[in-house]
Amino acid sequence: MKSTVEHLSPTRVRLAVEVPFDELKPTFDQAYKKIAQQVRVPGFRPGKAPARILDQRLGRGVVLEEVVNTAVPQKYGEAVGEAELNPLGQPEIEVTSIDDGDKIAFTAEVDVRPEITLPDFSSISVSVDAAEVTDEDVDDQLKGLQARFGTLTGVQRPAAQDDFVVIDLAATVNGEAVEEAQTSGMSHQVGSGQLIEGLDEALEGMSAGDTKTFTTKLVAGDHAGEEAEVTVTVSQVKERQLPEADDEFAQLASEFDTLDELKADLRERHGRVKKMEQAGQARDKVLEALLEAADIPAPEGVVSSEVEVRAHEAVHEFDHDEDKLTAYVESQGQTREEFDAELRTAAEQAVRTQLLLDEVAEKGEIQVDQQELMERIFMQAQRFGISPEQYIQQAQEANQLGAIFADVRRGKALASVVQAATVLGPDGEPVDLSELFGTATPEDGEEAADAAEVADETATVASGSDQDEDAVVEAGDGAERSSTVESADTGAPASS
């Protein structure tokens, strides 16, 4: 076999391969055997008809087609190995010539991993916000706890911010009622922003029995993106009365005997949350700095595949109705062209991130052990509300276990960069994030859980998908969407 490589760009190559017939004898033998099993030839038992008889009855072209379809993927894989290429995705193969008795020639174009020069990680320096907990933070946490034990009491006054109201809603578009926008007896907190735009502003100042009409854009349903006249009627106004913050409340709401003990616990818990937020900020800023320092071209074919996946996920939320998606986008003050451009930018960023962190993992010889993989699976199974066994089964059915492994490895790679980088607080002093990024093993159970959560989020960010990780493979609602950048199987179907 003879092969040459032409570099079309830093991320794409064309292989030209010639295979002499004398290398194809085993493939011809296999082809004749397979064809003989599929046809009946008078005078011969099934599978026993000789090659010359098959050529006479079926034509030489049938045999050559079978040989090409078997040999080309195999020889493509050999050529990739000889050239030491790292292909991404499936190749575009074209059989250029079949000279019977002489040779088979074909070309294969495929995206490949680009050469990436990594910066010195210790040269990266980022600044993050402080993780200090203020008295105001503790008071906010305490008020939130009080609200959980609060009671709603009807009041005879106009509704104000944070009040609860019981309302009826009705909407019309061009004078026709919108059935899915009709509701009655709904409880809503004024100022929560949980329903349609403009509702909270309309509710402020309304009393029980009042009715008001306002105009807004619907964001869901058959009329998403259209202007609607919405009528709201208030039947009740309630205010939430909070229990007194004292020792008695501490005993009611927690395992502590005094308010001071409860507030100390709230301070400690919120401190862990702030520390995790600080770690997340450091991770994001280090990744941003790393991407800026490394010149990473994004393979066009891989980016296009990622764009298709993200576009499919977006329109899936609207029953695959492009018009509904467009109407929703426009209702958010954005054109469809701007939305598509942002989607492509995000896809390119995701691909560049994955390529970069794969290179970090390769250079750092980062491995993923069974325990780390299972921790990721347990975390994700819990997030989706299913058992780990169900998650694994769905991931296997959707062929996603390799993607999960890759995401964990990229997360470890990103964590290793954060460990090597300099992270400074607002005061210019170094911030120690070792417990959350793995250089120290926390022995406290809650600290270990915090570290696991940061590691899980780091793997998610490293995979290039949304941090909330709502992207779920439709074939199994518990499995993650496949990582875009994965080394391709070198076997590929031939096309002529």
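The values are calculated or read from the model by the stated rules, or taken from the named source; none is laboratory data. Keep in mind it's a predicted model, so treat the numbers as computed, not measured. Please note: Cβ atoms are built from the backbone with ideal geometry, for glycine as well, and neighbour counts cover all protein chains shown.
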Suppose we keep only residues that are assigned to a strand (DSSP E or B) and β-branched (Val, Ile, Thr) within region 143-195. Which one would you say is surrounded by the most Cβ atoms within 10 Å (Cβ to Cβ)? Ile167
Scan of region 289-300 for residues that are under 19 Å from the mean Cα position of the chain (by Cα) and part of a helix (DSSP H, G or I), ordered by number: Leu291
Mind listing whichever residues of region 162-200 are out of contact with any strand residue (DSSP E or B) (no Cβ under 8 Å at 6 or more places or on another chain) and over 24 Å from Val315 (Cα atoms)? Asn174, Gly175, Glu176, Gly191, Ser192, Gly193, Asp200
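Which ones in region 112-142 are closer than 30 Å to Ala79 by Cβ and in a loop (DSSP other than H, G, I, E, B)? Let's see the steps before the verdict.
Taking region 112-142 first, the residues closer than 30 Å to Ala79 by Cβ are 112-118.
Arg113, Pro114, Glu115, Ile116, Thr117, Leu118 - these are the residues of region 112-142 that are closer than 30 Å to Ala79 by Cβ and in a loop (DSSP other than H, G, I, E, B).
How many residues does region 244-283 hold that are among the acidic types (Asp, Glu), assigned to a helix (DSSP H, G or I) and farther than 30 Å from Phe121 by Cα?
Step one: filter region 244-283 for residues among the acidic types (Asp, Glu), giving 244, 246-248, 255, 257, 260-261, 265, 268, 277.
Now narrow it down to the ones that are assigned to a helix (DSSP H, G or I): 247-248, 260-261, 265, 268, 277.
So of that shortlist, the ones also farther than 30 Å from Phe121 by Cα come out as 247-248, 260-261, 265, 268.
The qualifying residues number 6.
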Show the residue pairs meeting these rules: Cβ distance below 7 Å; 6+ apart or different chains; first residue within region 59-70 and at negative phi and buried (at least 16 other Cβ atoms within 10 Å of the Cβ); second residue part of a helix (DSSP H, G or I) and modelled with pLDDT under 80. Val63/Tyr32; Val63/Leu54; Val63/Asp55
Checking Val303, Val286, Val329, Val315 in turn, the sole residue that is at pLDDT 95 or above and either part of a helix (DSSP H, G or I) or of a type in the set (D, E, K, R) (or both) turns out to be Val286
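Scanning for something more than 24 Å from Glu227 (Cβ to Cβ), touching a residue at least 24 places away in the same chain (Cβ under 8 Å), loosely packed, with under 15 Cβ neighbours inside 10 Å and of a type in the set (D, E, K, R), does region 300-310 turn up at least one residue?
So the first thing to find is which residues in region 300-310 are more than 24 Å from Glu227 (Cβ to Cβ), and the list is 300-310.
Narrowing further to those that are touching a residue at least 24 places away in the same chain (Cβ under 8 Å): 300-303, 305-307, 309-310.
Restricting the remaining residues to those that are loosely packed, with under 15 Cβ neighbours inside 10 Å gives 300.
Cutting the leftovers down to of a type in the set (D, E, K, R) gives us 300.
Checking region 300-310: at least one residue is more than 24 Å from Glu227 (Cβ to Cβ), touching a residue at least 24 places away in the same chain (Cβ under 8 Å), loosely packed, with under 15 Cβ neighbours inside 10 Å and of a type in the set (D, E, K, R).
When residues of region 96-105 are filtered for being surrounded by fewer than 16 Cβ atoms within 10 Å (Cβ to Cβ) and either of a type outside the set (Ser, Thr, Tyr) or in the same structural domain as Val302 (by TED's automatic domain parsing) (or both), how many remain?
The first filter runs over region 96-105 and keeps only residues surrounded by fewer than 16 Cβ atoms within 10 Å (Cβ to Cβ), leaving 96-97, 99-102.
Checking the rest, the ones that are also either of a type outside the set (Ser, Thr, Tyr) or in the same structural domain as Val302 (by TED's automatic domain parsing) (or both) come to 99-102.
So the answer is 4.
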Output for region 391-411, where each listed residue is surrounded by 16 or more Cβ atoms within 10 Å (Cβ to Cβ) and out of contact with any helix residue (DSSP H, G or I) (no Cβ under 7 Å at 6 or more places or on another chain): Gln394, Ala398, Gln400, Ala403, Ala406
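Suppose we filter Val368, Val360 for residues that are of a type in the set (A, V, I, L, M, F, W, C), out of contact with any Leu (no Cβ under 6 Å at 6 or more places or on another chain), more than 21 Å from Ala314 (Cα to Cα) and part of a loop (DSSP other than H, G, I, E, B); which single one remains? Let's see the steps before the verdict.
Values: Val360 fails: part of a loop (DSSP other than H, G, I, E, B).
Within the list Val368, Val360, the selection yields Val368.
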Condition met for Asp265 (of a type in the set (Asp, Glu), surrounded by 14 or more Cβ atoms within 10 Å (Cβ to Cβ) and more than 42 Å from the chain's Cα centre (by Cα)): no
Given (1) at pLDDT below 95; (2) assigned by TED's automatic domain parsing to the domain that holds Pro87; (3) not acidic (Asp, Glu), index of the condition Gly144 fails: (2)
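Test Gln354 against the stated conditions and say whether it is out of contact with any strand residue (DSSP E or B) (no Cβ under 6 Å at 6 or more places or on another chain), polar (S, T, N, Q) and surrounded by 19 or more Cβ atoms within 10 Å (Cβ to Cβ). Walk me through it before giving the result.
Working: out of contact with any strand residue (DSSP E or B) (no Cβ under 6 Å at 6 or more places or on another chain): yes; polar (S, T, N, Q): yes; surrounded by 19 or more Cβ atoms within 10 Å (Cβ to Cβ): yes.
Against the criterion (out of contact with any strand residue (DSSP E or B) (no Cβ under 6 Å at 6 or more places or on another chain), polar (S, T, N, Q) and surrounded by 19 or more Cβ atoms within 10 Å (Cβ to Cβ)), Gln354 qualifies.
Does Val128 fit the bill of being under 30 Å from Asp284 (Cα atoms), buried (at least 16 other Cβ atoms within 10 Å of the Cβ), modelled with pLDDT of 90 or more and in contact with a helix residue (DSSP H, G or I) (Cβ under 6 Å, 6 or more places away or on another chain)? Spell out how you get there, then give the answer.
On the way: under 30 Å from Asp284 (Cα atoms): yes; buried (at least 16 other Cβ atoms within 10 Å of the Cβ): yes; modelled with pLDDT of 90 or more: yes; in contact with a helix residue (DSSP H, G or I) (Cβ under 6 Å, 6 or more places away or on another chain): yes.
Here the answer is yes, as Val128 does meet what is asked.
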List the number of the failed condition for Glu204; all other conditions in (1) surrounded by 12 or more Cβ atoms within 10 Å (Cβ to Cβ); (2) of a type outside the set (A, V, I, L, M); (3) without any contact (Cβ under 8 Å) to a residue 24 or more places away in the chain hold. (3)
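Considering Ala245, Ala279, which residue is crowded, with 17+ Cβ neighbours inside 10 Å and over 21 Å from Glu136 (Cα atoms)?
Values: Ala245 fails: over 21 Å from Glu136 (Cα atoms).
After ruling out the rest, the residue left standing is Ala279.
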Looking at region 81-109, I want the residues that are in contact (Cβ under 8 Å) with a residue 60 or more places away in the chain and of a type in the set (Val, Ile, Thr) and have a partner that is surrounded by 15 or more Cβ atoms within 10 Å (Cβ to Cβ) and part of a loop (DSSP other than H, G, I, E, B) with Cβ atoms under 9 Å, at least 6 apart or on another chain. Which pairs are those? Ile93/Ala492; Ile93/Ala494; Val95/Ala494; Ile104/Leu24
Looking only at region 373-410, and only at residues there that are part of a loop (DSSP other than H, G, I, E, B) and in contact (Cβ under 8 Å) with a residue 12 or more places away in the chain, the one that is nearest to Gln354 (Cα to Cα): Gln400
